[in-house]
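The values are calculated or read from the model by the stated rules, or taken from the named source; none is laboratory data. Note that the structure is predicted; figures quoted are calculated from it, not measured. No Cβ is skipped: glycine too gets one built from the backbone with ideal geometry, and neighbour counts run over all protein chains shown. Keep in mind that these areas ignore ligands, DNA and RNA; they rest on the heavy atoms of the full protein, side chains included. Shrake-Rupley method; radii C 1.70, N 1.55, O 1.52, S 1.80 Å.
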Amino acid sequence: MQPRRPEGFDGLGYRGAAYGADYQLGFPARSLSSSGDLSQHWVTTPPDIPGSRNLHWGDKTPVYGGDGSLPPAGLGEESSGREQLNRFAGFGIGLASLFTENVLAHPCIVLRRQCQVNYHARNYQLSPFSIVNIMYNFTKTQGPRALWKGMGSTFIVQGITLGTEGIISECTPLPREVTHKFNPKHIAGHLLLKGLVYAIATPFYSASLIETVQSEIIHDNPGILDCLKEGIGRIVGLGVPHSKRLLPILVITFPTVLHGVLHYIISSVVQKCVLFIIKKKAPPRDSTDRPNIVQNTLDDYFPELIANFAASLCADVMLYPLETVLHRLHIQGTRTIIDNTDLGHEVVPINTQYEGMRDCMNSINREEGILGFYKGFGAVVVQYTLHMAVLQITKIIYASLSRNTS
């Protein structure tokens, strides 16, 4: 359960953070907030686009020099221009991150999930080059739409989890934001809240998973609300016909919650550690150094993005075997037909008969080997390579704008 779009519930939580003591940022993703005091604020916040609010603590940007002194004559318009550029940069960087996580990376998620549930496959697609080749074959035979199927349902799942988290936190004492210093009670309550959210979203995540792996060759375009209808039908036992091998919703809830909570914990810890390292290695800056003000603002944005990138990557890699097991349990008995990931054309049915999480793990290890847990791992490499490329391109563009402005 990971993000942004559910990547095993990828993106179901959200990270908002502040890096340093002089500014505040919010970035949508799934992780823990950080602050200048890294022992504070184990939090999640609703989605926000960086730059849409002030970069500094408080309601107003500190005046020139940060000490209340007035700017020299003639610098008023220049400061205003820099502030507008800062906000534009924050909006652009946040928008680029959202686009990468939710749109550009979606074909990688589709291929990744199809490989994970395809126990027939002889080619495990561990290399990014083989994944790119399969993407090309899918596009050639089914059109580009085959790589973006199910994207609407992933946004629905994100909305359900965000809304559920807000409702539960308002109706119960479970904290949505943990601001106490390593208070075990508040941390346990916060993780319990996350677990409840993942449990409630389980049937809808299952419906979204089916939409992303179902072959376009035999599947009509789903309606925008089909994910909701099928999720509710999964709970009450009605709707799309299922086979007798379909696992009860309670059986798949535990591995779903386990994956989601572990992913949240790992990504939160990694993000916190990366921010701490970046802050410790960052050279001291003089806030009154006018030629570097714009570049300093650029440096303020990217530590959070790099920390979020590293956190998501580490969590996805570490929990990839569990995610493979989770997806196979979700898809079993749903009469889903997926694309043949060995050839890039034709279709194959999913007819597994796992009795539960342990049986699934033993079967994969016995019949497919250890590497069977990593089927489709090449898609993860492609996904995060694209993500890093977009971040670097965005940084280069803004650095160029900064030089022109200064």
### Task
Obtain the nm distance between the two label points defined at Leu225 and Thr172 by a simple spin-label model: each point lies 7 Å from its Cα along the Cα-to-C-beta direction.
2.8
### Query
How about Lys375: which lysines have a C-alpha closer than 21 Å to its C-alpha, ignoring those fewer than 8 places off in the same chain?
Lys149
### Task
Report His345's accessible area, 1.4 Å probe, all protein chains in place, as a number in Å² to the nearest 10.
80
### Task
Quick one: what are the phi-derived ³J(HN,Hα) couplings along region 331-344, Karplus 6.51/-1.76/1.60 with θ = phi - 60°, whole Hz, x for glycine and proline?
7, 4, x, 8, 6, 8, 10, 10, 6, 6, 7, 7, 10, x
### Query
Mind checking which lysines have their C-alpha under 26 Å from Lys281, skipping anything on the same chain fewer than 8 residues away?
Lys181, Lys272, Lys395
#### Entry: Where Arg234, Arg335, Arg122 fall by accessible area, highest first, once all protein chains stay in place (1.4 Å)
Arg122, Arg335, Arg234
### Message
Which of rounded, prolate or oblate describes region 174-232 when judged by the alpha-carbon gyration tensor and an a/c cut-off of 1.5?
### Response
prolate
### Summary
Long-range amide H partners of Ile338, meaning residues 5 or more apart or on another chain whose placed amide H is closer than 5 Å, are Ser215, Val348, Ile350
### Summary
For region 352-361, in residue order, the Karplus 3J(HN,Hα) values (coefficients 6.51, -1.76, 1.60; θ = phi - 60°; whole Hz; Gly and Pro = x) are 6, 9, 6, 8, x, 5, 5, 5, 5, 4
### Query
Do you know the relative contact order of region 109-243, to the nearest whole percent, from alpha carbon pairs under 8 angstrom that are 6+ apart?
26
